[in-house]
Amino acid sequence: MTSDIGYALFLGSMGLIILCAIVTMFLPRRRNDQDQRTAATGFFGAATGPALEFDWFRLGEVPKQDLIKLAEQHGWRFDSDQITEGAWLLRFTRSA
């Protein structure tokens, strides 16, 4: 009987540890994703001039298509991208 209680406590505590580990793996990523989306929105909103280059590696948590949509909301049109050794540049021009 006491070994059954000990076994149940052990399994319960292991389950709690695994649950905490899984939760902490995913929650910071979501927070980081939201912070990066906020930064991208601010970047596109404050950008001036006729053309713009954006290093996608800076905000790797945000999918490329989402960045393009954010840019479009602020008057930028996606033109091209270029992968280099240390960057993935997304090029935009002002929408007419």
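In the Gaussian network model of the chain, springs joining C-alpha atoms below 10 Å, which of 52, 67, 11 carries the largest mean-square fluctuation?
Highest fluctuation among the options: 11.
Using only Cα atoms, tell me the angle between helix 2-46 and the longest principal axis of the chain; keep it within 0 to 90° and round to the nearest 10.
The angle comes out at about 10 degrees.
If one takes the longest principal axis of the Cα atoms in the chain, at what angle in degrees, from 0 to 90 and to the nearest 10, does the Cα axis of helix 64-73 lie?
Once rounded, one gets 50 degrees.
Let's see if you can work this out: charge +1 on each Lys and Arg Cβ, -1 on each Asp and Glu Cβ, no other charges. What is the dipole magnitude of the chain about its Cα centre, in debye to the nearest 20?
240 debye
Since every read-out is calculated from the coordinates, none of them should be taken as a lab result. Bear in mind the structure is a predicted one, so any value in this text is a computation, not a measurement. For neighbour counting, all protein chains shown are included, and Cβ atoms are generated from backbone atoms with ideal geometry for every residue, glycine included.
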